[in-house]
Structure formats: C-alpha cells, structure tokens
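Student: Before we start, here is the structure in question, set down as structure tokens.
The values are calculated or read from the model by the stated rules, or taken from the named source; none is laboratory data. Note that the structure is predicted; figures quoted are calculated from it, not measured. Using ideal geometry, Cβ is built from the backbone for each residue, glycine included, and neighbour counts are taken over all protein chains shown. SASA here: full protein model, heavy atoms, side chains in, ligands and nucleic acids out. Shrake-Rupley method; radii C 1.70, N 1.55, O 1.52, S 1.80 Å.
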Amino acid sequence: MTRLSPIDSPDLSSQRRQLRQHLLQQRGALDAQAQRRAAAALYERVLRWPDLHRARRLAFYLPAGGEIDPRPLLHHCLGSGAQCHLPVLSPLLEGKMYFAEVRAEDSLQTNRWGIAEPALRRLTSPRVLDVVFVPLVGFDPLGNRLGMGKGFYDRCFAFRGRRPRKDWPAPHRPILAGLAHDCQRARHIPSEDWDIPLDVVFTPGATFTPSG
C-alpha cells in the first residue's frame, strides 16, 4: 500500500476529516429498522467465523451514534462461558483506555462521552485478549480504519505495530476485527504512522480480509 505522508499531502488531516463526515452521514441515514436488520445479519455472519469459537477472551463495545450493534454477539459469548470485556476510559489519564471484564449481571455506568461501561472494573491487559471487536467510522480493503479521531484504539494496541502485509492474517493475538455497516466501506483511507490496521472486517453483507 502506498501511504500519503504529511510532507507529500499536507491536507491529510483534512482528507480524513471530510471522509469521516461523509461516512458518518451515510451511517446516520440508517433508520432503526435498518439498524436491527444489520445487527441480525452481522450476528449470523460472525457466528460462522472459526476464530470466534476458538477465542476465550473477547472484547466488545456498546454501540453509539449509529454504530452497528454487537450486543447479540456479546450475549452469545456471555452465554457460551467466554470471558467478555468492554472498553473503559481512565478517569485520571486523558486519552487512556482499558478493558474490563463484564458479566451478564453487572451494572453499567456512563462515561464522559455518554457511553456505558462496566461500573465494576476488573481490568484485563489488551495483550492477553484473543479477539477485539472494534467500532469504526470507515474502513478500506487494506484494513485501514477511520475512527472518531480520538485515537483510543490506536494507542491501546500500539504494541501490535503496523505489520508487513505478508504477515496477515495475524498469527498472534489479539485479532482486531472491525464491525461496520456495508455503507462504511471506503475505496481508500489515508493513514497516519500511528494508525493500527485491522485483521478482518465484518459487515452484514461481506467479510473483508486485508489485501496487498
């Protein structure tokens, strides 16, 4: 993949900002019925993924702002006895995210972004997770991810680095699996040096693995 450098493309941040706005508009146009259908189709697709059933420690997210809903998958994995986690933001360190185990009976609380997270913080290192289901605004066929611009996931999984494409799919953990609506696919997402790519992306209509 040829990536745009800050020198060659001084408007890289502007490109990402414009693309983010466009994709958010497309995602925001989905009504409640379309969201429910998408979540059901996504559930059926990911349920056929072999790595889902091999994983013992998984991380999910709770949907916000039109993100595709992974809660059917979360409930399935909780029922199967897998150890499930949700992201939690540090109350002290700005921009720092952790993962906390969540159980079916646990209560949730709202963080400063209005997103629910476990009230009881049984923290788990991201290095020992098997699969992490990652929210996103957009993705491309190379596995580049466009998020909301806060950088939480990129910082949390910086230890993974930007692996050479020939090493994909990842032989090590965690597997970073993006979840998205079909309309969130982009032809190309300009990436920054610190962006951590995805290993696989699931949408209601397709499964994408990085190419290159």
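Student: Keeping every protein chain present and rolling a 1.4 Å probe, give me the accessible area per residue for the stretch 70-210 in Å². Kindly include the intermediate steps, with their values, before the conclusion.
Tutor: On the way: 6320 Å² over 141 residues.
Heavy-atom SASA per residue in the stretch 70-210 reads 45 Å².
Student: Kindly provide log₁₀ I(q)/I(0) values, in the same order as q = 0.15, 0.17 Å⁻¹, from the Debye equation applied to equal alpha-carbon scatterers of the stretch 77-212.
Tutor: Normalising to I(0) and taking log10 leaves -0.78, -1.00.
Student: Cα atoms only: what Rg and Dmax, in Å, come out for the stretch 25-104?
Tutor: Over the stretch 25-104's Cα set, Rg and Dmax evaluate to 14.4, 40 Å.
Student: Another question, then. Kirkwood Rh over alpha-carbon pairs of the stretch 82-127, then Stokes-Einstein at 4 °C and 1.567 mPa s: what D in µm² s⁻¹, rounded to an integer? Can you show the working numbers first?
Tutor: Details: Rh = 10.9 Å.
Value of D from the Cα-based Kirkwood radius: 119 µm²/s.
Student: Hey, if you drop one equal point scatterer on each alpha-carbon of the stretch 3-156 and run the Debye formula without solvent, what base-10 log of I(q)/I(0) do you get at q = 0.16, 0.17 Å⁻¹?
Tutor: Relative scattering, expressed as log10 I(q)/I(0), comes to -1.03, -1.15.
Student: Moving on. Give the calculated FRET efficiency between Ala158 and Leu92 to the nearest 0.05, with a Förster radius of 25 Å applied to their Cβ-Cβ distance.
Tutor: Details: r = 20 Å, r/R0 = 0.78.
E(calc), rounded to 0.05, equals 0.80.
Student: With just the Cα atoms defining each centre, how far is the stretch 56-108 from the stretch 34-54? Give it in Å.
Tutor: Each part's Cα centre sits 16 Å from the other's.
Student: Please list, in chain and number order, the residues 5+ apart from Glu67 or on another chain whose amide H is under 5 Å from its amide H, with Hs placed from the backbone.
Tutor: Amide H neighbours of Glu67, under 5 Å, 5+ apart: none.
Student: Give the ranking of Leu123, Leu78 by solvent-accessible surface, highest area first, calculated with a 1.4 Å probe. Numbers along the way, then the final one.
Tutor: Values: Leu123 100, Leu78 50 Å².
Result, largest first: Leu123, Leu78.
Student: While we're looking at this one, here's another question. Enumerate the helices in the chain for which the Kyte-Doolittle hydropathy averages -1.0 or more and the C-alpha atoms extend at least 15 Å along the helix's axis, using complete DSSP H runs. Working shown, then result.
Tutor: On the way: long enough: 12-28 (24 Å, -1.50); 32-47 (22 Å, -0.17).
Span-like helices here: 32-47.
Student: Which residues' amide hydrogens lie under 5 Å from the amide hydrogen of Arg145, considering only partners 5 or more residues apart or on another chain, with H built in the peptide plane?
Tutor: Amide H to amide H, under 5 Å and 5 or more residues apart or across chains, Arg145 pairs with Leu198.
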